[in-house]
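Here's the structure we're looking at; comments come further down.
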Amino acid sequence: MKKIILLFAVYLQLMTLMAQNEIVKIDFENHSIQNLSKLPFGEPFILEGKIEQDIVLVEVQVKYQNAKKPLATYIWDRSSFNTGQNFELVISQPLYADTKYDFTVKTFTRVSLAEKKELAKELQKRVYFYLRNHVEIHGNNVL
């Protein structure tokens, strides 16, 4: 019985060792990778960075160099309980060793109440002018 438990414990430790991913830290201020000179290839990795508290969403697009269409898009969304200043995002698309990639990192903040009101005004104006230019009323007929 002890041998089975020992074998099971060794198996669990091996599984956790194989499941660990390399962490790549990015620096938004310097637009650089902090801890590695090259990105890991052939396996998934974790992209980690410091963000301000008002950022609620981080989007990372991975593209071949100078390509228009992304290979993959990854999104980190801040939960309401998360008040930290770091984000972690698993990049599950393995990268090829001899290929150059472009990473686009976008951060998003919440819209303030004043910005919401301004947006509502602009939308109302545009809908009004759209309807005014595209709708004709002839008696009982609306075209």
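Among the residues of the range 93-140, which ones are more than 29 Å from Gly42 (Cβ to Cβ), among the aromatic types (Phe, Trp, Tyr) and under 18 Å from the mean Cα position of the chain (by Cα)?
Of everything in the range 93-140, just one residue is more than 29 Å from Gly42 (Cβ to Cβ), among the aromatic types (Phe, Trp, Tyr) and under 18 Å from the mean Cα position of the chain (by Cα), namely Phe108.
Scan the range 55-67 and give yes if some residue there is of a type in the set (A, V, I, L, M), loosely packed, with under 14 Cβ neighbours inside 10 Å, out of contact with any strand residue (DSSP E or B) (no Cβ under 6 Å at 6 or more places or on another chain) and modelled with pLDDT under 85, otherwise no.
There is no residue in the range 55-67 that is of a type in the set (A, V, I, L, M), loosely packed, with under 14 Cβ neighbours inside 10 Å, out of contact with any strand residue (DSSP E or B) (no Cβ under 6 Å at 6 or more places or on another chain) and modelled with pLDDT under 85.
List, please: which pairs have Cβ atoms under 7 Å, are six or more places apart or on different chains, and start with a residue in the range 88-109 that is in the same structural domain as Tyr64 (by TED's automatic domain parsing) and end with one that is acidic (Asp, Glu) and assigned to a strand (DSSP E or B)?
What qualifies is Glu88/Glu48; Lys106/Glu59.
Conditions tested, residue by residue: (1) under 30 Å from Leu39 (Cα atoms); (2) surrounded by 10 or more Cβ atoms within 10 Å (Cβ to Cβ); (3) in contact with a Gly (Cβ under 7 Å, 6 or more places away or on another chain).
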| position | (1), (2), (3) |
| --- | --- |
| Pro70 | yes, yes, no |
| Arg78 | yes, yes, no |
| Gln93 | yes, yes, no |
| Tyr96 | yes, yes, no |
| Ala114 | no, no, no |
| Leu119 | no, yes, no |
| Arg126 | no, yes, no |
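Could you tell me how many of the residues in the range 85-143 are of a type in the set (A, V, I, L, M), closer than 30 Å to Asp27 by Cβ and part of a strand (DSSP E or B)?
Qualifying residue count, the range 85-143: 4.
The values are calculated or read from the model by the stated rules, or taken from the named source; none is laboratory data. Quick caveat, the model's predicted, so the values are computed rather than measured. Reconstructed Cβ throughout: ideal geometry from the backbone, glycine too, with neighbour counts over all protein chains shown.
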